[in-house]
Amino acid sequence: MIYYVTIVDMSEETGVSRWDYIHPDTPKELFDHLKEVRDYIPPMTYGIVSVVSKDLFGDRLRRMEFSDMQIIIGKIEVEGKEYYVFFLADIRDHYRAVWRAFMEFFDSEKESFKRIITTEIVEIAEMERLRNAFSAFLVNRYRKNPLFGGRDIKSFAA
């Protein structure tokens, strides 16, 4: 389960979130905590990438594991500018599956994301529409059986 996603613009001094999302089914304690700290995550992402340097960080997905969750950081490009995508996800989710699910949604809503990411003044309604659409998009990607950890029949068969 993807608990949190933010797209961070690294061209600013401290990193600025261009779009973020907290899944409504996130456990209550974590949901409340993410609501409180969502403004601190983009500067933290900027710090992580800057300390390592963008060249050494590379284009591959980066992952940090904790006991119950993981942080995944990947890079996207929109109109020639690089943005980093920060995920907080369940530890049982494969990090590439998290990235693939987000990129499917990102590609399907590319024009809306492009408007949100590249313009200075963003309509709140457009951001909320994307958040709601992402929630609906993730419905079919929930882990069906927590025991097996698969998200679909194909994963179970494999």
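The values are calculated or read from the model by the stated rules, or taken from the named source; none is laboratory data. Quick caveat, the model's predicted, so the values are computed rather than measured. In this analysis, Cβ positions are derived from the backbone assuming ideal geometry, glycine residues included, and neighbour counts consider all displayed protein chains. The accessibility values were calculated without ligands, DNA or RNA, using every heavy atom of the protein model including side chains. Shrake-Rupley method; radii C 1.70, N 1.55, O 1.52, S 1.80 Å.
Things to note:
- Failed item in (1) of a type outside the set (A, V, I, L, M, F, W, C); (2) in contact (Cβ under 8 Å) with a residue 40 or more places away in the chain; (3) open to solvent by 20 Å² or more (accessible area, probe 1.4 Å), with residue 9 passing the rest: (3)
- Residue list for segment 99-121, filter: touching a residue at least 12 places away in the same chain (Cβ under 8 Å) and part of a loop (DSSP other than H, G, I, E, B): 109
- Segment 117-142, residues that are open to solvent by 70 Å² or more (accessible area, probe 1.4 Å), of a type in the set (D, E, K, R) and within 30 Å of residue 68 (Cβ to Cβ): 128
- Filter result (part of a helix (DSSP H, G or I), surrounded by fewer than 11 Cβ atoms within 10 Å (Cβ to Cβ) and at pLDDT below 85) within segment 36-60: 51, 55, 56
- The listed residues are 114, 75, and the only one of them that is surrounded by 15 or more Cβ atoms within 10 Å (Cβ to Cβ) and basic (Lys, Arg) turns out to be 75.
- When 18, 63, 92, 96 are checked against the criterion of being open to solvent by 80 Å² or more (accessible area, probe 1.4 Å), assigned to a strand (DSSP E or B) and in contact (Cβ under 8 Å) with a residue 12 or more places away in the chain, 63 stands alone in meeting it.
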